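Asker: The structure is given below, and queries will be raised subsequently.
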Amino acid sequence: MSDRVRTYSWEDPFALRDAMVERSGLELMQAMARGEVAPPPIANTLGYRLVEAERGHAVFECEPAEYHYNPIGTVHAGLAMTLLDSAMGLAYVTTLDTPTPWTTLELKCNFTRAMTIETGTVRCIGSVIHPGSRVVTTEARIIDAEHRLLAHATSTILVLGG
C-alpha cells in the first residue's frame, strides 16, 4: 500500500463575504473568475474553480482526480452535488445588487454518467430559472469536453433578507 499526499491552502473564508459589501454579486463573481478574489475554501478543498459569471449564469470547471474517488472506483457523487449547488447558488448571487442572505432550501439531482479521471475536465453550468423576491429556482448541468451530460439538477433558494 502506498500513501498518497495532497496539500493545499486557502484564504480567510470571511474575506469573500466582506468583499460583497463593496460590489454587486456579478462584479464579485467576475472578479473571482479572473482570480482577483479568493474562492471559498470548499473550492480549494475539492479542486474546482469559477471560470465564467454573467447575470443569472455561473460556470465552474473541475478535473476529476483520484482524491475524489469512492470505494467503487468512480468520483463520489458529493463532488457533482457540490459543483451543481455552487453553480446554482452563484448564478443567483450574480443577480444581486446588494448583499442578501440566502440558503439552498432544496436540491434535486440526477446522475446520468459516472465521472472518473478519464472523464477529463468537466464544466458545471448554472442558471437562474425564476428570480423571485423570496423564492428563487435555478438549474445546472455538468458536461464533459464532448458535451455529454453527466448530471443535472434543480434547486430552490430561500432568500432570507433583502
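Asker: Could you tell me which numbered condition A80 fails, if it satisfies all but one of (1) assigned to a loop (DSSP other than H, G, I, E, B); (2) open to solvent by less than 70 Å² (accessible area, probe 1.4 Å)?
Answerer: Only one criterion is unmet by A80, namely (1).
Asker: Moving on to the next point. Can you find, within the range 137-152, the residue that is nearest to V59 (Cα to Cα) among those that are touching a Gly at 6+ places or on another chain (Cβ under 9 Å) and open to solvent by less than 30 Å² (accessible area, probe 1.4 Å)?
Answerer: That would be A140.
Asker: Ok, one more. Tell me whether the range 109-125 contains one or more residues that are at positive phi and under 18 Å from the mean Cα position of the chain (by Cα).
Answerer: The answer is yes; a qualifying residue exists.
Asker: Okay, moving on. Of (1) of a type in the set (K, R); (2) in contact with a Leu (Cβ under 6 Å, 6 or more places away or on another chain); (3) part of a strand (DSSP E or B), R113 satisfies all except one. Which?
Answerer: Here R113 clears every test but (3).
Asker: Report yes if some residue within the range 134-150 is hydroxyl-bearing (S, T, Y) and under 18 Å from L28 (Cβ atoms); otherwise report no.
Answerer: Yes: one or more hits.
Asker: Provide a single number: the residues in the range 44-70 that are of a type in the set (A, V, I, L, M, F, W, C), closer than 22 Å to L96 by Cα and touching a strand residue (DSSP E or B) at 6+ places or on another chain (Cβ under 6 Å).
Answerer: Count: 5.
Asker: I want to confirm something. Restricting to the range 48-77 and keeping residues that are under 21 Å from G120 (Cβ atoms), in a loop (DSSP other than H, G, I, E, B) and free of Cβ contacts under 8 Å to residues at least 24 places away in the same chain, which single residue is least open to solvent (accessible area, probe 1.4 Å)?
Answerer: N70
Asker: Any residue in the range 118-136 that is surrounded by 12 or more Cβ atoms within 10 Å (Cβ to Cβ) and part of a loop (DSSP other than H, G, I, E, B) sitting within a Cβ distance under 7 Å of a residue that is modelled with pLDDT under 95 and not polar (S, T, N, Q)? List the pairs, counting only those 6 or more apart or interchain.
Answerer: Pairs found: none.
Asker: Within the range 3-29, take every residue that is within 16 Å of the chain's Cα centre (by Cα) and open to solvent by less than 50 Å² (accessible area, probe 1.4 Å) and give me the one that is modelled with the lowest pLDDT.
Answerer: Checked the range 3-29; the qualifying residue modelled with the lowest pLDDT is L16.
The values are calculated or read from the model by the stated rules, or taken from the named source; none is laboratory data. Worth saying up front: this structure is predicted, and the values here are computed from it rather than measured. Every residue, glycine as well, gets a Cβ built from its backbone with ideal geometry; the counts of neighbours run over all protein chains shown. Side chains included, ligands, DNA and RNA excluded: accessible areas come from the protein's heavy atoms. Shrake-Rupley method; radii C 1.70, N 1.55, O 1.52, S 1.80 Å.
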